[in-house]
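Participant: Sharing a structure with you now.
The values are calculated or read from the model by the stated rules, or taken from the named source; none is laboratory data. Predicted, not measured: the structure shown is a model, and the values here were computed from it. Accessible surface is based on the protein model in full, side chains and every heavy atom, while ligands, DNA and RNA are left aside. Shrake-Rupley method; radii C 1.70, N 1.55, O 1.52, S 1.80 Å.
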Amino acid sequence: MMNIKSGFVALAGKPNVGKSTFINTVLGRKVVIVSDKPQTTRNRINCIYTDKDAQIVFVDTPGIHKPLHRLGEYMVRAAVQALKGVDIVLFMLDAADGFTKTDEQVAKIVNESRTKTIIAVNKIDVAGEEKAKSVGELAKSMVENAVSVHYISALKGIGVFELLDRIKEELPEGPQYYPEDMITDRPLSFMAAEIIREKIFHLTRQEVPHSTAVVIEEIKDRPNGVLYIRANIYVERDSQKGILIGKNGSMIKKIGTLAREEIEFLVGRKVFLDLNVKVKEKWREKDFIILQEIGLKHDIE
Ligand SMILES: Nc1nc2c(ncn2[C@@H]2O[C@H](COP(=O)(O)OP(=O)(O)OP(=O)(O)O)[C@@H](O)[C@H]2O)c(=O)[nH]1
């Protein structure tokens with residue numbers, strides 16, 4: 001087998017610099033939610049880019065997208081640790097913003113990691129060339145292990161693929177860690193079941209959530225672009241089924257709506273969520289459900 005370049009790249013940068021937009025442009029579809037409000041990205045998922053000669057796993061840096069002035073010492077150490085564990089840090093800055101105090105703090109964390117760093121100055125479509133240059137040069141002077149500076153617009157796709165080529169150059173030769181059609185490292189079936197379970201937990205009382213198992217039975221692309229997800233919710237008794245369904249189906253409708261909205265948020269597209277409540281006595285002793293829950297049946301293709 002031909003050797004490919006592969007490795008892990010941590011995205012570092014203050015909130016709102018365009019990290020999610022960059023990932024979406026690289027992957028060519030909407031995987032992570034983009035918003036003009038800082039820190040709307042919850043549970044950021046690791047994203048995987050694969051082409052014929054490389055596989056790049058973009059990983060999140062825990063804590064680094066939190067407001068840095070509130071970052072405690074522990075969080076800073078955790079962030080440094082995370083950056084140490086990757087092959088390359090991609091330090092993103094906002095050209096229109098100038099080089100800010102927050103960027104300086106991110107630079108410090110990046111430096112402490114001693115990891116090879118590529119600097120990307122984003123949003124050049126809205127910033128003057130001179131301003132962008134000054135941001136790039138300042139960042140380069142602050143980051144000890146900077147190997148190059150790139151001027152990009154993640155939104156317009158300017159310079160993004162040149163930057164990707166540079167990342168590939170800097171990556172070591174290595175294995176393909178994930179199948180080539182996988183774009184996130186967490187199976188959607190897992191995420192979806194978790195979300196449904198969470199809603200049940202919030203909306204029902206003690207005994208019900210603990211007697212509930214969620215199994216994703218089917219995930220399918222509909223021709224109209226909607227993602228169809230069918231899930232079974234197992235409970236142990238008829239009375240629990242009654243509670244979960246609610247009066248005239250009001251409870252299951254509520255669970256379904258909230259879960260659907262969150263899954264749509266996650267996948268960035270319309271979802272049809274088909275929930276079925278089933279009674280299975282002592283399901284906890286029936287390991288087929290448990291196996292399916294953790295082993296996960298199938299994921300989106
Ligand atoms: N003009 C312009 N806007 C951009 C560009 N890249 C991102 N944006 C906008 O900047 C805002 C923030 O982008 P995100 O990709 O969500 O930023 P983020 O760094 O992931 O933000 P957090 O999730 O808060 O960490 C959005 O409104 C984007 O549309 C760009 O190249 N040019």
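Participant: Hey, any idea what % of segment 188-295's accessible area is carbon plus sulfur with a 1.4 Å probe?
Facilitator: 53
Participant: Hey, another quick one. On a 31 Å Cα-Cα criterion, which of the cross-link pairs LYS108/LYS270; LYS14/LYS220; LYS52/LYS84; LYS199/LYS280; LYS19/LYS84; LYS123/LYS220 come out too long?
Facilitator: Listed pairs above 31 Å: LYS108/LYS270; LYS14/LYS220; LYS123/LYS220.
Participant: Per residue, how large is the accessible surface of segment 188-295? Use a 1.4 angstrom probe and give square angstrom.
Facilitator: 54
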